[in-house]
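See below for the structure under consideration.
The values are calculated or read from the model by the stated rules, or taken from the named source; none is laboratory data. Small disclaimer: the values here were computed from a predicted structure and weren't measured. Cβ atoms come from the backbone with ideal geometry, glycine included; neighbour counts cover every protein chain shown.
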Amino acid sequence: MHRGERFYAGQYTYETEAAIARDNLARELHGEFANLNFPHIRNVVPVGQITNVAKSGIHGVYKWREHCYGVKHKHTPRKAEDGGRASNYELGCFFFAEEAGMAYDLFGRIFIPHRRMNFPSVDPTRSRFTPAKAKTQNRSGYMGVQNAWKDTSYSAVVDIDKNRISKKFTIPEDAAREVDKLRIRRSGVLTHVNFPKEHTFTADQLIEAWLERHPELKFKIKSA
């Protein structure tokens, strides 16, 4: 609502998307006096336009490609702690930059404290996360989906434990969804998928994936 007039920011599948759109509109209408969902970010940039941490204001987050925001944590301990050796943790990629920022906060809450939290007033253990979208360059338009010339069917093809699994479908979307299920079964929740919004996961699942990727983290778990 602005000067008695109601503005519509669009309809979205997830609350994070709606919150970002609402913040962008509020900044445009009210400037520095806008009430925001993400007030701790210096500048909420529309999804797809974030190019680096300096522009996004989201600490620990970098853009890899469209709809793929990576999270990295660098830890340099004191000399008396952990031998004084620096450690780098790749924490995965996410569809939304803000969710990537919350993943960074979650890592600091559970494992190694950060000097700066992106969302101090938000409990990251209650957040949900959306995996990154896969990049495709084949004729089907979906990762892992094959369609031979003069063939009306589409094959979902994924390698699991050195065994190739192939299933045929009539339409490419069904084959792509089967690929997503197989990739998550093989690589866990941090894999890239064709339909990210259909595979959101919890903070507990994310922590489990980090422990599987970095087993040494089990010695760094602290009280939440």
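Residues of region 104-161 that are of a type in the set (Asp, Glu) and in a loop (DSSP other than H, G, I, E, B): Asp123, Asp151, Asp161.
Picking from Glu208, Glu198, Glu216, which residue would you name as being surrounded by fewer than 15 Cβ atoms within 10 Å (Cβ to Cβ), within 17 Å of Val71 (Cβ to Cβ) and not hydroxyl-bearing (Ser, Thr, Tyr)?
Checking each option against the conditions leaves just Glu208.
Looking at this structure, is Arg139 under 17 Å from the mean Cα position of the chain (by Cα) and among the basic types (Lys, Arg)?
It is false that Arg139 is under 17 Å from the mean Cα position of the chain (by Cα) and among the basic types (Lys, Arg).
State whether one or more residues within region 170-184 are at pLDDT below 95, polar (S, T, N, Q), part of a loop (DSSP other than H, G, I, E, B) and more than 17 Å from Phe94 (Cβ to Cβ). Looking for residues that are at pLDDT below 95, polar (S, T, N, Q), part of a loop (DSSP other than H, G, I, E, B) and more than 17 Å from Phe94 (Cβ to Cβ), one finds at least one in region 170-184, hence yes.
For every residue, the table says whether it meets (1) closer than 30 Å to Val157 by Cα; (2) in contact with a helix residue (DSSP H, G or I) (Cβ under 7 Å, 6 or more places away or on another chain).
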| position | (1), (2) |
| --- | --- |
| Tyr104 | no, no |
| Gly108 | no, no |
| Phe111 | no, yes |
| Phe129 | yes, yes |
| Lys135 | yes, no |
| Asn138 | yes, no |
| Gly141 | yes, yes |
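Figure legend. Inter-residue proximity from region 120-135: first residues within 21 Å of Glu208 (Cβ to Cβ), second residues aromatic (Phe, Trp, Tyr) and in a helix (DSSP H, G or I), beta-carbon distance below 9 Å, spacing 6+ or different chains. Indicated pairs: Pro124/Tyr104; Pro124/Phe107.
If we scan region 61-74, do we find a residue that is acidic (Asp, Glu), at pLDDT below 75 and either assigned to a loop (DSSP other than H, G, I, E, B) or under 22 Å from Lys220 (Cβ atoms) (or both)?
The answer is yes, given that some residue of region 61-74 is acidic (Asp, Glu), at pLDDT below 75 and either assigned to a loop (DSSP other than H, G, I, E, B) or under 22 Å from Lys220 (Cβ atoms) (or both).
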